[in-house]
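The values are calculated or read from the model by the stated rules, or taken from the named source; none is laboratory data. None of the values given here were measured: they were computed from a predicted structure. As a convention, Cβ positions derive from the backbone with ideal geometry for all residues, glycine included, and neighbour counts pool all protein chains shown.
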Amino acid sequence: MLELIFHRRMLEYPCLTADPQAADAIYVPYYAGIDALHYLYGPDYNSSSEQGLNLFEFLTTDSPESWNRKMGHDHFMVLARPAWDFSQPLGNDPPLWGTSLLELPQFYNVTALTVEARAWPWQEHAVPYPTSFHPPNLSLLESWVQRARRSRRTTLMMFAGGGGVGRNPTIRRSIRNECENNTMNKNVKNVNNVGMYGSGVGGFSKLCDVVDCSNGICEHDPIRFMRPMLQASFCLQPPGDTPTRRSTFDSIVAGCIPVFFEESSARAQYRWHLPEDQFGEFSVFIAKEDVVFKETRILDVLRSIPRGKVRRMRERVLEMIPRIMYRKHGSSVGLRAKKDAFDIAIEGVLQKIKSRGQVFAQ
């Protein structure tokens, strides 16, 4: 729904102009992720390299003066899928998964906002996945933050997701094994030493919790994973098919400290929304290779963090909620005073296009 969210919010943008010639940037309301569906699953599978050609024809014929002004350098669009899904090499036969939208030379100048960007193309930038939390007013946001702050964290760590059931060594398999084989997870009646486990909120009734979200069973049921996240101190964010996860932002909304296992899962992605130089203040990093191949136990790492530091990290996570959520369109004036994920993304786009325009002018 990211493309729809941006389009609806853009209609409310205070500096929107009907004159493209007066615009610093031009938003293209093209639903790339939705349009990709018939190339990925439908009868146009064999022509997936053609996604975007009709769009380019429209942009260059409907308003050629807008496109020709900077040859697309001032245009941007939103892609509600990882960039990898639009990066199939042109001419692949038979075609691989995805389309070739981002490989078309016609769009090399256009800025693309995606939920996961690749490391090298300068025109791509990652923005947060939408969560299920879209407050319409400031009081609802503040009451939710207070709920997350007061929530009793009775579980040390939790993982919401699928995978990890095969025989091959993966970080998800290691997480499942550590949770399922931990004898203390079955009986923690004698766990009362708060300092030992670093929660800062009382003794744990469970050291590890796994919420199985296989086969899409969590997609339309956020309560299934949000309630356990509200009860957990740390939320594990292992990579899956791609490095990033929506769960990262769900956990921040729940005040659950994210634990990453790859730099590309968040640190190298969301620089506008998650300050790269402050990652240690609100998250934990454990290299997946250490867990999978060097027998590093995630529980041991997390239990070694002093409870005072855990409290500070959680407070930092709670402070970040407004930055990574997409507030509801038509929200109250009070809430609009706080910059959300959309506001920060548009600021980033404008700065990116401005800096590129200076180079273009030269």
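Evaluate the range 301-316: report whether one residue or more is surrounded by 19 or more Cβ atoms within 10 Å (Cβ to Cβ), β-branched (Val, Ile, Thr) and assigned to a helix (DSSP H, G or I).
There is at least one residue in the range 301-316 that is surrounded by 19 or more Cβ atoms within 10 Å (Cβ to Cβ), β-branched (Val, Ile, Thr) and assigned to a helix (DSSP H, G or I).
Would you be able to tell me the number of residues in the range 52-74 that are over 24 Å from Ile34 (Cα atoms), under 32 Å from the mean Cα position of the chain (by Cα) and assigned to a helix (DSSP H, G or I)?
Looking only at that region, the number is 2.
If Lys189 passes every condition in (1) assigned to a loop (DSSP other than H, G, I, E, B); (2) modelled with pLDDT of 90 or more; (3) among the basic types (Lys, Arg) but one, which one does it miss?
Evaluating Lys189 over (1) assigned to a loop (DSSP other than H, G, I, E, B); (2) modelled with pLDDT of 90 or more; (3) among the basic types (Lys, Arg) leaves (2) as the failure.
Please work out which residue is farthest from Arg356 (Cα to Cα), limiting yourself to the range 123-172 and to residues that are touching a residue at least 40 places away in the same chain (Cβ under 8 Å) and charged (D, E, K, R).
Arg152
Does the range 25-51 hold any residues that are of a type in the set (Ser, Thr, Tyr) and assigned to a loop (DSSP other than H, G, I, E, B), and which are they?
Residues of the range 25-51 that are of a type in the set (Ser, Thr, Tyr), as a first pass: 27, 30-31, 39, 41, 45, 47-49.
Selection gives Tyr30, Tyr31, Tyr41.
Go over the candidates Thr114, Thr155, Thr131 one by one and state the one that is surrounded by 14 or more Cβ atoms within 10 Å (Cβ to Cβ), over 19 Å from the mean Cα position of the chain (by Cα) and β-branched (Val, Ile, Thr).
Thr155
Would you confirm whether any residue within the range 88-100 is free of Cβ contacts under 8 Å to residues at least 40 places away in the same chain and buried (at least 16 other Cβ atoms within 10 Å of the Cβ)? Steps first, please.
First pass over the range 88-100, keeping only residues free of Cβ contacts under 8 Å to residues at least 40 places away in the same chain: 89, 93, 96.
Restricting the remaining residues to those that are buried (at least 16 other Cβ atoms within 10 Å of the Cβ) gives none.
Taking every residue of the range 88-100 in turn, none turns out to be free of Cβ contacts under 8 Å to residues at least 40 places away in the same chain and buried (at least 16 other Cβ atoms within 10 Å of the Cβ).
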